[in-house]
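Data first, discussion second: the structure below is written as structure tokens.
Bear in mind these aren't lab numbers, they're just calculated from the coordinates by the rules spelled out. Remember, it's a predicted structure, so these values are computed and weren't measured experimentally. Cβ: placed from backbone, ideal geometry, glycine included. Neighbour counts: every protein chain shown.
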Amino acid sequence: MAIVIQNNSSIKNDNIREIIIEAAEKTLEARGISKDDVEISVVVMDNDGIQELNKKYRGLDCPTDVLSFPMYEHTVQILDAIKEFREVLLGDVIISLEKAGEQAEEYGHSVEREISFLVVHGVLHLLGFDHKEEEQRKIMRQEEDKILNMLNM
């Protein structure tokens, strides 16, 4: 299977593909899932495009940094599907490269680090992680930090 990347952003970043692939693969590795068993679609766009999706799917008429559209609710379901089918589509991650640049500047770190974080965050959502409640938020943040450390970010 694969990590399929579509770049619809007007902002150019020469190593965006490598950043996305490495962050997605490390996230899968950290969760004990082989990249060969799953497919993830990552679409990179600008604020206008992600704002349309945010409004359509979340009812929020503003740009956001990352959206995830998982095919499964829980990691257990994914692991069961891998056992049964061997090849599983996990879902889609949509990232605003424009928003990533804005946030990198705001937080005082590189755009590459911000993109890595957004990919990790998005893929964790595909794997069943959530952050609606405080305890979930703590668990997800710990996992994000662990993976970013694996990426030397």
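Of all residues in region 29-60, those being of a type outside the set (D, E, K, R), in contact with a strand residue (DSSP E or B) (Cβ under 9 Å, 6 or more places away or on another chain) and surrounded by fewer than 22 Cβ atoms within 10 Å (Cβ to Cβ) number 9. Within region 1-38, being under 21 Å from Met150 (Cβ atoms) and among the hydroxyl-bearing types (Ser, Thr, Tyr) holds for Thr27, Ser34.
Residues that are under 9 Å from the mean Cα position of the chain (by Cα) and farther than 13 Å from Val38 by Cβ within region 79-114 comprise Ile94, Ile95, listed in sequence order.
Within region 90-97, is even one residue surrounded by 12 or more Cβ atoms within 10 Å (Cβ to Cβ), assigned to a helix (DSSP H, G or I) and touching a Leu at 6+ places or on another chain (Cβ under 8 Å)? Working first, answer last.
So the first thing to find is which residues in region 90-97 are surrounded by 12 or more Cβ atoms within 10 Å (Cβ to Cβ), and the list is 90-97.
Next, from what is left, pick out any that are assigned to a helix (DSSP H, G or I): 97.
Applying the additional criterion that residues be touching a Leu at 6+ places or on another chain (Cβ under 8 Å) yields none.
No, region 90-97 contains no residue that is surrounded by 12 or more Cβ atoms within 10 Å (Cβ to Cβ), assigned to a helix (DSSP H, G or I) and touching a Leu at 6+ places or on another chain (Cβ under 8 Å).
Taking the numbered list (1) touching a helix residue (DSSP H, G or I) at 6+ places or on another chain (Cβ under 9 Å); (2) assigned to a helix (DSSP H, G or I); (3) among the charged types (D, E, K, R) in turn, Asp61 passes all entries but (2).
Might you let me know whether region 65-80 holds any residue that is surrounded by fewer than 18 Cβ atoms within 10 Å (Cβ to Cβ), among the polar types (S, T, N, Q) and either in contact with a helix residue (DSSP H, G or I) (Cβ under 7 Å, 6 or more places away or on another chain) or not in a helix (DSSP H, G or I) (or both)? No, because not a single residue in region 65-80 is surrounded by fewer than 18 Cβ atoms within 10 Å (Cβ to Cβ), among the polar types (S, T, N, Q) and either in contact with a helix residue (DSSP H, G or I) (Cβ under 7 Å, 6 or more places away or on another chain) or not in a helix (DSSP H, G or I) (or both).
When we screen Leu118, Leu90, Leu148 for residues that are hydrophobic (A, V, I, L, M, F, W, C) and within 22 Å of Lys12 (Cβ to Cβ), the only hit is Leu118. For region 39-50, the condition of being over 14 Å from the mean Cα position of the chain (by Cα), polar (S, T, N, Q), within 27 Å of Asn149 (Cα to Cα) and not in a helix (DSSP H, G or I) holds for none of the residues. For region 125-134, does any single residue satisfy the condition of being part of a helix (DSSP H, G or I) and under 11 Å from the mean Cα position of the chain (by Cα)? Within region 125-134 (the criterion being part of a helix (DSSP H, G or I) and under 11 Å from the mean Cα position of the chain (by Cα)), the answer is yes, since at least one residue qualifies. Taking first residues from region 89-103 that are free of Cβ contacts under 8 Å to residues at least 12 places away in the same chain and partners that are crowded, with 20+ Cβ neighbours inside 10 Å and in a strand (DSSP E or B), the Cβ contacts under 9 Å between residues at least 6 apart in sequence or on separate chains come to Glu102/Ser96.
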